[in-house]
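The values are calculated or read from the model by the stated rules, or taken from the named source; none is laboratory data. Note that the structure is a prediction, hence the values are computed from the model and not measured. We place every Cβ from the backbone using ideal geometry, glycine too, and count neighbours over all the protein chains shown. We work out accessible area using only protein heavy atoms, side chains counted, and drop any ligands, DNA or RNA first. Shrake-Rupley method; radii C 1.70, N 1.55, O 1.52, S 1.80 Å.
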Amino acid sequence: MPRLPTSRDAIAALSAFMQDTSTTSSLTTVPQDPSTSGKFADFGISDRKSALEACRKMKPKFPPPEMLPCANVDIANSKVCPKQGTKACSACKLVSYCSKECQKNHWRIHRDDCKNPLKSNDWKPAWVVESRLPMSFFSKPGDSFPTQVDELGRGISLWGNVPAMDLINLGKNENDASQDLSIALVASGDLRHVVQTINSLPDDYSGHLQVLINDRTLPVVTRNIAILLILGTVSDETMAADIALHFWYSVFIPAEYGNNILAIVTSFLLRETEESQPLGPRSSMNCLIPKEAMQLFRRFGSMASISVADAQNEYDRVRTASSRGDFRDRMYAKLKPSHRVAFQEFRRFGIVFPFGAVNAHFNTPNASLFSLDGKWWQADHADPLQGWDIGPILEAGRAHGAQPEDIYGCLYFFLSDQLRTFARRLREFRISFRVVTAEASHLSSIIRKDVLSPFGIPASVRFDRIDVSNILDVNYAGIGNVLTHWGPLLKASPTAALVGYFMNWMFFQPDFDAQFAGSIEHDKLIDAFIEKGRFPGIGPGGRISDPRDMQIGLFLAAKDINVAFDNSKAFSQFLKQQNLESLLRKTKLKLRTTRTIVPHRYRVPLDAAPNAVPEFADNESWYNFTQLQSFTWMERLVEFGHA
């Protein structure tokens, strides 16, 4: 496993970029953008240092919004109100204005969104309008569906699909802000757990935190490296967070951000020293990845990687495929009217940003979200909202002036806050990142064989936390493989823990679902949903206003009641079938019932019993946590420690 390639390849990448940009008179791409100001042709190819520095200094005309901006934006006439939006549109609450005058002037533009058919209370899914069963809702193992349906429903996960977790939870464990800690994310996915963990440390943390980040998927790894570089090397905290945010989550980014990213990555690749890459004055990063990564790195920020038209067409092909219409309608059916419009907006343009903010300068495709041959990496239902707790997202939105209806605007402000905090902590804390890409079991083997000692990971290393994500699942590494390989690398400490979750266990356990719980238990759950007003289509007192709503409700409630279903007995039986007791004796580990890091299920307290189910204070809370985010609510989290 060679170190990251440098020098010649990096120079070639930069030269290729120079040639790409020198053929145009400006960095502007369609749509027309009044903000573009930088030209690359001012520098010769030999003057790379000046060119890179110029790229780093480029900023878009419209700075990252600190508060929700007034939505009076008319790009066609290059008019943008610079004031804060404080008065929400009463009809949709997706946008806000600084004054009634701005709202009146903008109505001819906003009208199409405000009167979007999806926002109508009379909107119904296509299968209801057409009086047919929804396509593919009743899939079973072995069922065959059209190839396109299967293709679009799968893909690489670049955004994560479960909420970010604090893998240390210092106050519940070591409770020592000066203690050195070492954590390993052996199937990391994106950086959300890393961000959540580091941001959750106390402000006075003074220990040395070592973080091993591994994933076998190269696009995931290269993106993680780029995000750490952005957050650790861009001196302006606000700009660092905004560039990283859009590189992480937006399908289109400002051309200036593309230049920043290219300069950052190229500077990293041009380094001739074997020493660690500084991430601020106290943190650092070492990478050990194959040469194939160069093909991905050289695309980051380059306008020649994929055209705006091709990127938009490919994004539309996946996000709006007719074969997936019923799946989209099922998602829309559970949402409030304005949320349907907000979700549709992200599906159309793919920009994590306040709904009414000026976004014409997002004119460059984010090539890191597309394959080398221009295909969208992810499944058609991939959503940035799935990776974070919806509660803090809504709180951040309110703090910055956004309404809950503008859910992606709320997400933007939440991520801005989180990434600024993370960038600051890279500078304040002593954190050492080591980034590798390998199959998880192979990685543990080469660590124990002392292959990675020159890389700073000796065979003697022991981790305070090991996060294995869902490779515990039978269809991935499996619990036996994971505990056997990674259990020996867990530090001999009462607070050390190996954590992960089972996402797909239900496919191997017949009584996992509420519908298999027996008629008495099933009816009890249904009655409780109706009584609390959480059964779609049935109002107070069991009133059914529209039989078609009842039909929709039957499809939605089949999944929703699992939120309230105690699946602990089925899960215990599943673990028994995986020979867990024998595995624990062999590895000298124990499955903790009293948790200090992850609960048994999402949205239950850490100290809850294994049979606890998520509870919600009211119907608004229930809606926010179960409808705005699309979990199965059957995932089971596990925490192992030394016996």
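Which condition number does Ala514 fail, the rest of (1) surrounded by 18 or more Cβ atoms within 10 Å (Cβ to Cβ); (2) in contact with a Ser or Thr (Cβ under 9 Å, 6 or more places away or on another chain) being met?
(2)
For residues that are on the phi > 0 side of the Ramachandran plot and over 36 Å from the mean Cα position of the chain (by Cα), scanning just region 517-554, find the one that is surrounded by the fewest Cβ atoms within 10 Å (Cβ to Cβ).
Step by step, filter region 517-554, then rank; the result is Gly541.
Could you please let me know if Gly397 is assigned by the TED database to the domain that holds Ala321 and surrounded by 24 or more Cβ atoms within 10 Å (Cβ to Cβ)?
Judged against the criteria, Gly397 is a match.
Restricting attention to region 315-364, and to residues there that are part of a helix (DSSP H, G or I) and polar (S, T, N, Q), which single residue is surrounded by the fewest Cβ atoms within 10 Å (Cβ to Cβ)?
Among those that are part of a helix (DSSP H, G or I) and polar (S, T, N, Q), it is Ser322.
Any residue in region 350-361 that is modelled with pLDDT under 95 sitting within a Cβ distance under 6 Å of a residue that is open to solvent by less than 20 Å² (accessible area, probe 1.4 Å) and among the charged types (D, E, K, R)? List the pairs, counting only those 6 or more apart or interchain.
Ala360/Asp33; His361/Asp33
If Ser460 meets every condition in (1) open to solvent by 30 Å² or more (accessible area, probe 1.4 Å); (2) in a helix (DSSP H, G or I) apart from one, which number is that one?
(2)
I want to confirm something. Restricting to region 447-457 and keeping residues that are open to solvent by 20 Å² or more (accessible area, probe 1.4 Å) and not acidic (Asp, Glu), which single residue is nearest to Phe433 (Cα to Cα)?
Out of the qualifying residues, it is Gly456.
Residues of region 589-643 being open to solvent by 20 Å² or more (accessible area, probe 1.4 Å), within 21 Å of Leu411 (Cα to Cα) and at pLDDT below 90, which ones?
Of everything in region 589-643, just one residue is open to solvent by 20 Å² or more (accessible area, probe 1.4 Å), within 21 Å of Leu411 (Cα to Cα) and at pLDDT below 90, namely Ser630.
Considering only residues that are open to solvent by 50 Å² or more (accessible area, probe 1.4 Å) and aliphatic (A, V, I, L, M), which ones fall in region 368-394?
Of everything in region 368-394, just one residue is open to solvent by 50 Å² or more (accessible area, probe 1.4 Å) and aliphatic (A, V, I, L, M), namely Leu372.
Just name the residue that is farthest from Glu439 (Cα to Cα) out of those in region 197-207 that are in contact with a Leu (Cβ under 8 Å, 6 or more places away or on another chain) and not hydroxyl-bearing (Ser, Thr, Tyr).
Ranking the qualifying residues of region 197-207, first place goes to Pro202.
Out of region 492-510, which residues are under 18 Å from Lys172 (Cβ atoms), assigned to a loop (DSSP other than H, G, I, E, B) and open to solvent by less than 60 Å² (accessible area, probe 1.4 Å)?
Ser493, Thr495, Ala496
Quick check on this structure: which one of Leu426, Leu443, Leu415, Leu483 is open to solvent by less than 20 Å² (accessible area, probe 1.4 Å), within 30 Å of Phe343 (Cβ to Cβ) and not in a loop (DSSP other than H, G, I, E, B)?
Leu415
Would you please list the contacts, defined by Cβ atoms under 8 Å and residues six or more apart or on different chains, that run from a residue in region 335-347 that is more than 10 Å from Lys93 (Cβ to Cβ) to a residue that is open to solvent by 20 Å² or more (accessible area, probe 1.4 Å) and aliphatic (A, V, I, L, M)?
Filtered contacts from region 335-347: Phe343/Met331.
Would you check if there is a residue in region 567-584 being open to solvent by 40 Å² or more (accessible area, probe 1.4 Å) and either acidic (Asp, Glu) or closer than 24 Å to Tyr408 by Cβ (or both)?
yes
Would a scan of region 68-80 turn up a residue that is in the same structural domain as Phe355 (by the TED database), assigned to a loop (DSSP other than H, G, I, E, B) and modelled with pLDDT under 95?
So far as region 68-80 goes, yes, one or more of its residues are in the same structural domain as Phe355 (by the TED database), assigned to a loop (DSSP other than H, G, I, E, B) and modelled with pLDDT under 95.
Select from region 511-540 the residues that are part of a loop (DSSP other than H, G, I, E, B) and without any contact (Cβ under 8 Å) to a residue 12 or more places away in the chain and write down the one among them that is nearest to Val128 (Cα to Cα).
Going through the qualifying residues, I end up with Gly539.
Can you pull out the residues in region 265-314 that are within 30 Å of Gly207 (Cα to Cα), touching a strand residue (DSSP E or B) at 6+ places or on another chain (Cβ under 9 Å), among the hydroxyl-bearing types (Ser, Thr, Tyr) and open to solvent by 30 Å² or more (accessible area, probe 1.4 Å)?
Ser276 - this is the single residue of region 265-314 that is within 30 Å of Gly207 (Cα to Cα), touching a strand residue (DSSP E or B) at 6+ places or on another chain (Cβ under 9 Å), among the hydroxyl-bearing types (Ser, Thr, Tyr) and open to solvent by 30 Å² or more (accessible area, probe 1.4 Å).
Could you say whether any residue in region 541-562 is touching a helix residue (DSSP H, G or I) at 6+ places or on another chain (Cβ under 7 Å), in contact (Cβ under 8 Å) with a residue 12 or more places away in the chain, under 20 Å from Asn611 (Cβ atoms) and not acidic (Asp, Glu)?
Looking through region 541-562, at least one residue is touching a helix residue (DSSP H, G or I) at 6+ places or on another chain (Cβ under 7 Å), in contact (Cβ under 8 Å) with a residue 12 or more places away in the chain, under 20 Å from Asn611 (Cβ atoms) and not acidic (Asp, Glu).
Can Ser235 be described as outside any helix (DSSP H, G or I), open to solvent by 10 Å² or more (accessible area, probe 1.4 Å), at pLDDT below 95 and farther than 30 Å from Gly478 by Cβ?
Taking the combined requirement at face value, the residue satisfies it.
Kindly list the number of the only condition in (1) surrounded by fewer than 24 Cβ atoms within 10 Å (Cβ to Cβ); (2) within 16 Å of the chain's Cα centre (by Cα) that fails for Asp242.
Unmet condition: (1).
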